[in-house]
Amino acid sequence: MSATLARLTEGGFSIGIEAPLDNDWTHAGEQARQQAGRLPGEPDLQRHADLAQLADRLGFRALWVRDVPMYDASFGDAAQVFEVFSYLGYLAGITKDIWLGTAAVVLPIREPLLTLKSAATIQRLSGNRLLLGVASGDRPVEYPLFGRDFAQRGDSFREQLALLRDGAQSSLSRGLDVLPRMEAPLPLLVAGLAQQSPDWVGRHMDGTLAYPGTPEDHARRVAAWRAVAGDKPYATFIHLDLSERADEPMQRWRFGFRGGREALIGELSALRAAGIGHVGLHFRRNRRPLGETFHEIAEHVLPLFHA
């Protein structure tokens, strides 16, 4: 396991945050979006930098961003809006300790050498804090726009992964190189199966980014992952609406739940027991101010789980 991934799961379990840093999927957030004239699924990013720095100071282990090259109204989700590597470069400059993860870069629609150069740049500028989550993509409309074949995305994914692994050394003519060179192996995590077999993913990837689910869902998935990948890290995400009442019972929904911090502690404990090494919290459904929510979790939840 790479030093970066070992730090992500230090103590056996850690908690991070998934961007965008806005609660635009709430009733109040939707009203604000309409008043501002933003597109459906386009978050308000006015406080994103302050909140990223707050998450860093409070001790959240990782900040995850998604790769959504084109806004598609049929999906209605612009993620964090900014181009993923450009945004990571900005975040690297305004944070100090928090790991910076992608969940996940769509490899087949990107130019492989530029992806390698972008990842190496972020890795160097951040002080080796990059966690590169990668995927094959699930939005067919994007592929023809980039001149790529949606049906061949599995083959393209394998080719690009090999290039990332060896720094393009086997692909370049004598005298050519991609700078900056990686100072350490780049941690590569996969979202889903990327059109590959479970055995292939278990052999070639350093970790997995699993879709949200219940502890029971994850217990089955973790067992399947361990069968092909051994002790490589398993991470997932929760869509959270944290109540002001610490003892408010859990109301589960697709991809997450609403409840108080006691319910959150119970859910995280169950996920840890299921074999999960890291959980990223997603706050677009969170009705309370995000700064207030971050502080409560940092004071009452993080000390129970972080080494």
So for H218, H300, fewest C-beta neighbours within 10 Å to most, what's the order?
-> H300, H218
Separation in nanometres of the label points that stand 7 Å from Cα toward Cβ, at Q53 and H300 = 2.7
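Set the Förster radius R0 to 25 Å, insert the Cβ-Cβ distance between R181 and E10 as r into 1/(1 + (r/R0)^6), and round the FRET efficiency to 0.05. Don't skip to the end; give the middle numbers.
Working: r = 27 Å, r/R0 = 1.07.
So, using R0 = 25 Å, E works out to roughly 0.40.
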Roughly what would the spin-label model give for W253 and R139, points 7 Å off Cα along C-beta, in nm?
-> 2.2
Would you look at the GNM of the chain, springs on alpha carbons closer than 10 Å, and say which of A104, A151, A224 moves the most?
-> A151
Of E248, E42, E18, which has the largest mean-square fluctuation in a 10 Å C-alpha GNM of the chain?
-> E248
With axes computed from alpha carbons, what is the tilt in degrees of helix 84-94 against the longest principal axis of the chain, rounded to the nearest 10 within 0 to 90?
-> 60
Could you calculate, for region 186-307, the ratio of the Cα radius of gyration to the Kirkwood radius, expressed as Rg to Rh?
-> 1.01
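Counting each DSSP H run of 4 or more residues in the chain as -39500 (n - 2.57), what helix-only mean residue ellipticity at 222 nm follows after dividing by all residues, to the nearest 500 deg cm²/dmol? Don't jump to the answer; show the numbers that get you there.
On the way: 12 runs with 121 residues, N = 307.
So the calculated ellipticity at 222 nm is -11500 deg cm²/dmol.
If you take the square roots of the eigenvalues of the alpha-carbon gyration tensor of region 3-305 and sort them as a ≥ b ≥ c, do you get rounded (a/c under 1.5), prolate (a/b over b/c) or oblate?
Taking the square roots of the gyration eigenvalues as a ≥ b ≥ c, region 3-305 is prolate.
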Proxy reagent accessibility, fewest Cβ within 10 Å first, across M70, M205, M250 | M70, M250, M205
Please determine, in degrees from 0 to 90 and to the nearest 10, the orientation of helix 48-58 with respect to the longest principal axis defined by the Cα atoms of the chain, where the helix direction is its Cα long axis.
-> 80
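Summing +1 for each Lys or Arg and -1 for each Asp or Glu, what net charge is found among the other residues whose Cβ lies under 11 Å from the Cβ of R57? Walk me through the numbers on the way to the answer.
Details: positive: K96; negative: D50, D56, D97.
Net charge around R57: -2.
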Search the structure for amide H atoms under 5 Å from the amide H of L63, placed 1.01 Å from N in the peptide plane, and list their residues when 5 or more places away or on another chain.
-> I17, W99, L100, G101
Under the Karplus curve 6.51 cos²θ - 1.76 cosθ + 1.60, θ = phi - 60°, whole-Hz ³J(HN,Hα) for region 23-28, x wherever Gly or Pro sits = 9, 7, 8, 9, 4, 5
What full-extension length gain, to one decimal in nm, is calculated for D166 and Q152 as 0.36 nm per residue of separation minus the Cα-Cα distance?
-> 2.8 nm
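Any read-out appearing in this document is the output of simple, stated calculations on the displayed coordinates, not a laboratory observation. Keep in mind that this is a model prediction, so the values were computed, not measured. Methodologically, a virtual Cβ is constructed for each residue, glycine included, from the backbone with ideal geometry; neighbour enumeration extends over all protein chains shown.
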